[in-house]
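Trainee: Pasting a structure below so you can have a look.
Just so you know, all these numbers are worked out from the coordinates, no wet-lab data involved. Treat the numbers as computed from the prediction; the structure is a model and nothing was measured. Here Cβ is always computed from backbone atoms with ideal geometry, including for glycine, and neighbour counts include all displayed protein chains.
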Amino acid sequence: MKEKLQEYALLAEIISAICIVVSLIFVGLQVRQAADETAANSEAVRSTVRQSMMNADLQLLTNMQSNEIALNPDNAEPLVKSIEVHASLRTRSSYWIEYKNGFIDDETLNSYFIPLLAQISSTEYGKIVWQNAVSLSENDLSYPRDFIDEVNRRLIIYQKQSAE
């Protein structure tokens, strides 16, 4: 009888050890899931902050544009056109970051890049502003380097397609 009890005790210990391991695996999965959710929530908050900052930039650019038109209506066009390109760059840069973080899909990003590519390719103001943005970004990273590389890559494709 004592041998039987020892066998049951040993079996109970084995089952207990297995249950502990399964419990630890379950807890580990829950911790991982919670960490993933926290990271996603943190990125969503950062995205909201970026959106607010972009909106503030756009408001400043719009105010500059309105002031230039009001103060200098006969010679406002160069600055107004430049501001339009800067606004496009600022928004597309923000969209690029959202795309990289998985908040925007390929199709949406492409639809927003096309007007920017047209501005840069077909207007003198677009070309000048883009060249300035590229040269400034080499020194102070006004725009993310990978954004500049992506716009340059897309510009080549866009210009080839436009030439055909």
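Trainee: Can you give the calculated 222 nm mean residue ellipticity of the chain, where each DSSP H run of n ≥ 4 adds -39,500 (n - 2.57) and the sum is split over every residue, rounded to the nearest 500 deg cm²/dmol?
Mentor: On the way: 5 runs with 147 residues, N = 164.
So the calculated ellipticity at 222 nm is -32500 deg cm²/dmol.
Trainee: What's the exposure ranking of 90, 145, going from fewest to most Cβ atoms within 10 Å?
Mentor: Working: 90 19, 145 10.
Taking fewest neighbouring Cβ atoms as first place, the list is 145, 90.
Trainee: What is the order of 49, 80, 151, fewest Cβ neighbours within 10 Å to most? Before the final figure, lay out the partial values.
Mentor: Details: 49 10, 80 16, 151 23.
Lowest count first: 49, 80, 151.
Trainee: Given R₀ = 45 Å, what would the calculated FRET efficiency be for residue 112 paired with residue 24, taking r from the Cβ atoms and rounding to 0.05?
Mentor: Numbers: r = 47 Å, r/R0 = 1.04.
The calculated FRET efficiency here is 0.45.
Trainee: Kirkwood Rh, the chain, all Cα pairs: how many Å? It would help to have the intermediate numbers written out before the result.
Mentor: Details: mean 1/r = 0.0496 Å⁻¹.
Its Kirkwood hydrodynamic radius stands at 20.2 Å.
Trainee: For 81, 2, 127, which order do you get if you count the other beta carbons within 10 Å of each Cβ and list the fewest first?
Mentor: Working: 81 18, 2 6, 127 14.
Arranged by neighbour count, lowest to highest, 81, 2, 127 become 2, 127, 81.
Trainee: Can you pull the one-decimal nm distance between simple spin-label points at residue 152 and residue 59, each 7 Å off the Cα toward Cβ?
Mentor: For residue 152 paired with residue 59, the spin-label model returns 3.5 nm.
Trainee: Comparing 104, 128, 20, which has the greatest mean-square fluctuation in the GNM of the chain with Cα pairs linked when under 10 Å apart?
Mentor: Answer for the Gaussian network model of the chain: 20.
Trainee: Per residue of region 143-158, what does 6.51 cos²θ - 1.76 cosθ + 1.60 with θ = phi - 60° give for ³J(HN,Hα)? Whole Hz please, x for Gly and Pro, Karplus curve as stated.
Mentor: Each residue of region 143-158 in turn: 10, x, 4, 5, 5, 4, 4, 5, 5, 4, 4, 5, 4, 4, 5, 4 Hz.
Trainee: Under a 10 Å cutoff between Cα atoms, tell me which one of 18, 83, 114 has the largest fluctuation in the Gaussian network model of the chain.
Mentor: Result: 18 has the largest fluctuation of those listed.
Trainee: What share of Cα pairs, in percent, lie more than 16 angstrom apart in region 36-95? Numbers along the way, then the final one.
Mentor: On the way: 947 of 1770 pairs.
Tail fraction, whole percent: 54.
Trainee: Helix 124-140 versus the longest principal axis of the chain: what angle, 0 to 90°, nearest 10, using Cα atoms?
Mentor: Roughly 50 degrees, rounded to the nearest 10.
Trainee: Pull out a ≥ b ≥ c, the square roots of the eigenvalues of the alpha-carbon gyration tensor of region 112-164, then state rounded if a/c is under 1.5, prolate if not and a/b is larger than b/c, and oblate in the remaining case.
Mentor: Values: a/c = 2.39, a/b = 1.63, b/c = 1.46.
Since a/c reaches 1.5 and a/b is larger than b/c, the shape of region 112-164 is classed as prolate.
Trainee: Restricting attention to the alpha-carbon atoms of region 74-150, what are Rg (one decimal) and Dmax (integer), both in Å?
Mentor: Values for region 74-150 (Cα only, Rg and Dmax): 12.9, 44 Å.
Trainee: With an 8 Å Cα cut-off and a minimum separation of 6 or more residues, compute the relative contact order for the chain in percent.
Mentor: 16 percent
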